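Q: Would you mind keeping the following structure in view while I ask a few things?
The values are calculated or read from the model by the stated rules, or taken from the named source; none is laboratory data. All figures in this text were calculated on a predicted structure; none of them were measured in a lab. Quick reminder, even Gly has a Cβ in these numbers, built from the backbone with ideal geometry, and neighbours come from all protein chains shown. Just the protein is used for accessible areas: all its heavy atoms, side chains included, with ligands, DNA and RNA removed. Shrake-Rupley method; radii C 1.70, N 1.55, O 1.52, S 1.80 Å.
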Amino acid sequence: MLGAFANAFRTPDLRKKLLFVLLIVAVFRLGSQIPAPGVNTTAVQACFDAVKDDGIYSLINLFSGGALLQLTIFALGIMPYITASIILQLLVVVIPRLETLKKEGQSGQAKITQYTRYVTLALAILQATGIVALARSGNLLQNCDNVLYKNDFRTAAIMVVTMTAGTAVIMWLGELVTDRGIGNGMSILIFTQVVATFPVALWNVQKDQGPWVFSGVIIVGMVVVAGVIFIEQAQRRIPVQYARRMVGRKMFGGSSTYIPLKVNQAGVIPVIFASSLLYLPAMAVQFNTGSTNPVLTWISAHLVKGDHPYYMALYFLLIIFFTYFYVAITFNPQEVADNMKQYGGFIPGIRAGKPTEEYLNYVLSRITLPGALYLGLIALIPLIALVLVNANQNFPFGGTSLLIMVGVALDTVKQIESQLQQRNYEGFLR
């Protein structure tokens, strides 16, 4: 592996791409540390230290790399873009115009990407306005009402503009990495934000639990990472044969290929959906502190803390539901079967058309179940650690953070691998 790293940096154009990615990551992390205009950094840091282990803030802290709760210029992070991308993916299934654009190839995808940018900026304005309003009212962080030097409209407007512009800059940085670097730019920026909190989370385990528990966590973490890599790489390959056909005087077809159906077809999206949905009752309780409403009292007792069995069971079931839901809207067996029939392809032993669609549906439903169970178990690891070793919900080995880190790292390594093999170098994966 060290030889592969040396080969990567020995190749001039590949070295430039890697150094460019590192430069963008450094700029991104720098922007995540610079406070927005009008923010009292001393007061924000004191409040942040008091609540950073609270479950309500763990997902927010994860996707912003700690920037949101400290009100930096990149406070919104990549979350508006993620939300906009998910919204557009869902709308492609609902709106015929978007579905037509998706089928147009590269030009249609470029228009969908442009729509994603517009939706991202709209969401950024809404989120920035909400965050600044919470900061002005003292509800962004618990018992903290002096995070701004001046609590006036001008300061609030400047902060909203700054945070929205920060989101636009993040989109631009991500697209620069995609065009001129290695890997998907947005994924690498998400990876950067998640990794930024990883060393601190590990150090907190060592500081709070001692070296023996820390060593056990490292060993268990390595086993979990190996398991995640195994499942992320697992796929069911459905063979496809193409019949020979004459076009003019030339013979086409006669080749064989396969349709790769991943065990984890949905990626990390179901965990994000389930986590976001479970934060709604927690926020309702937070904003109604002191209420005697029996429903809020029950929610506060059972659905706020991650160590409660009701919370774990609901979290697990939501992940399974969203896994099936997301796979159903992103993979269309009917479209795949129609495309195969149009180009003379068929699955050996299965008739083209409706039987092929039913077969793909059957296989997809079978392999989605282990994928959903895998996502649910990985997401429960931080909650189980919360009970066993008294960790917090930012436990490093498990949940959304581990899935993002392993998934993005595997994708980036594969792209470096392919570029090394084009130059006859031995790569990482042997």
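Q: Take the cross-link list Lys102/Lys354; Lys17/Lys414; Lys16/Lys414 and give me the ones stretching past 21 Å between alpha-carbons.
A: In this structure, Lys102/Lys354 exceed 21 Å between Cα atoms.
Q: Continuing with the same structure: How big is the shadow of the Cα convex hull of the range 65-123, averaged over all directions, in nm²?
A: 4.5
Q: Could you tell me the largest-minus-smallest coordinate of the C-alpha atoms of the range 329-388 on each of the three principal axes, in descending order and whole angstroms?
A: The principal-axis extents, from largest down, are 56, 21, 13 Å.
Q: Can you give me the % of accessible surface on the range 75-223 that is carbon or sulfur? Probe 1.4 Å, all protein chains present, nothing else counted.
A: Here carbon and sulfur together make up 65 percent of the probe-accessible area.
Q: All other residues with a Cβ under 10 Å from the Cβ of Ala156 taken together, and with Lys, Arg as +1 and Asp, Glu as -1, what is their net charge?
A: Net charge around Ala156: +2.
Q: So how do 189-195, 369-375, 76-82, 255-261 stack up, highest first, on mean other-Cβ count within 10 Å?
A: 76-82, 189-195, 369-375, 255-261
Q: With a 1.4 Å probe and all protein chains in place, put Thr412, Thr167 in order of accessible area, largest first.
A: So, going from the largest accessible area down, we get Thr412, Thr167.
Q: At a 10 angstrom cut-off on C-beta neighbours, averaged per residue, how do the peptides 267-275, 149-157 rank from highest to lowest? Each step should come with its number before you reach the end.
A: On the way: 267-275: 21.8, 149-157: 13.0.
Final packing ranking: 267-275, 149-157.
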